Amino acid sequence: MEEGNFCYRIDGKKAELSGYDGHGIRIVVPSQIEGYPVSRITRKAFLNKKDLYSVALPESIEEIGDWAFANCVGLMEISLPKREVRFGRAVFKNCGNLKRIVTRECNEEPELLAATVTLLDAYYLLDLPAAGSADWLGKWDNKLSAVLWTSDQEGYISQSVYGEEDYIGMDLEEYISERRKEKVRLAFLRLLHPRELAPVLKEELEALLRGFTRGSGGGETWQVLLGEYGDDREYYRLFAELSCINEENFDGILGDIGEDYPEMKAFFLKYWEEQHSAEDFFQGLEL
């Protein structure tokens, strides 16, 4: 390939991709090698390929081995066939930037599919044929509800004892805040992809985001928005529409933005002006 070399071996009448030596950022895995269909990505085949941005796997893929894409920290999107694929252990471990798992020929909520491994740690939901169906979304929401109802303190002692690297040096308050941010990310994501979302769960997610806006709780909703989604209009529009902006925090929000996100700042200023103009109008009618 122009971007580098694939390592492979022929097993029977099928080809297995076992490694990649190169620096390509957008990789398209061929459907055949030496005339044999590429059916398997073996364990650790793309391990630690930090420059990798997107990968497209062919229709012939049947299995992806353990840690095949682990530590690909730059990986944003992977394209797969909409068929049954066997996934090994921790295939996408430490791929926190993976935003979309796309199954071809179908609009299957690729952002929610990616979140099964990045936010929910629910590999059993990597069911490519079912992804996007009402039944699949119900299972996704069941897992989401379980996460929401889990105490923010749960797991702190075990994480401290076993020294998991993400939590080394983190005190209880910091740990709780990180847990809340995980819930906030999930709430934002599901509300922005609301197909088949039950009204009761929708209300819970909206209340969670309002409960941790700037000046409330630990402010995790605002911290996540400003730190991760400041350039994403969908996110900050939702933040405003959920009344996460109020009299007490408006000036602080503008101060936090500073000059970093001018479009978000302009949006909030316009939104605030429109809201208060409407309030002043109705107050005038009451007089």
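The values are calculated or read from the model by the stated rules, or taken from the named source; none is laboratory data. These figures come from a predicted structure and were not determined experimentally. Methodologically, a virtual Cβ is constructed for each residue, glycine included, from the backbone with ideal geometry; neighbour enumeration extends over all protein chains shown. Ligands, DNA and RNA are stripped out before the accessible areas are found, and what is left, the full protein with its side chains, is counted by its heavy atoms. Shrake-Rupley method; radii C 1.70, N 1.55, O 1.52, S 1.80 Å.
If you take the residues in the range 7-53 that are among the small types (Gly, Ala, Ser) and open to solvent by less than 20 Å² (accessible area, probe 1.4 Å), which one is nearest to Val85 (Cα to Cα)?
Among those residues, the one meeting the criterion is Ser39.
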Of the residues in the range 96-118, those that are modelled with pLDDT of 95 or more, assigned to a loop (DSSP other than H, G, I, E, B) and crowded, with 19+ Cβ neighbours inside 10 Å come to Leu98
Could you identify the single residue in Glu273, Glu279 that is at pLDDT below 95, acidic (Asp, Glu) and open to solvent by less than 100 Å² (accessible area, probe 1.4 Å)?
Glu279
Cβ-Cβ below 6 Å, separation at least six or inter-chain, first residue in the range 126-154 and within 14 Å of Pro194 (Cα to Cα), second open to solvent by 40 Å² or more (accessible area, probe 1.4 Å) and at pLDDT 90 or above: which pairs?
Ala134/Glu196; Leu137/Glu196
If a residue has to be part of a loop (DSSP other than H, G, I, E, B), at pLDDT 95 or above and open to solvent by 50 Å² or more (accessible area, probe 1.4 Å) to count, how many in the range 74-88 make the cut?
1
Of the conditions (1) under 19 Å from Val28 (Cα atoms); (2) assigned to a loop (DSSP other than H, G, I, E, B), Asp121 clears all except one; give me its number.
(1)
First in the range 231-250 and surrounded by 12 or more Cβ atoms within 10 Å (Cβ to Cβ), second anywhere and assigned to a loop (DSSP other than H, G, I, E, B), Cβ under 6 Å, 6 or more apart
Tyr235/Tyr229; Cys244/Thr213; Asn249/Arg214; Asn249/Gly215
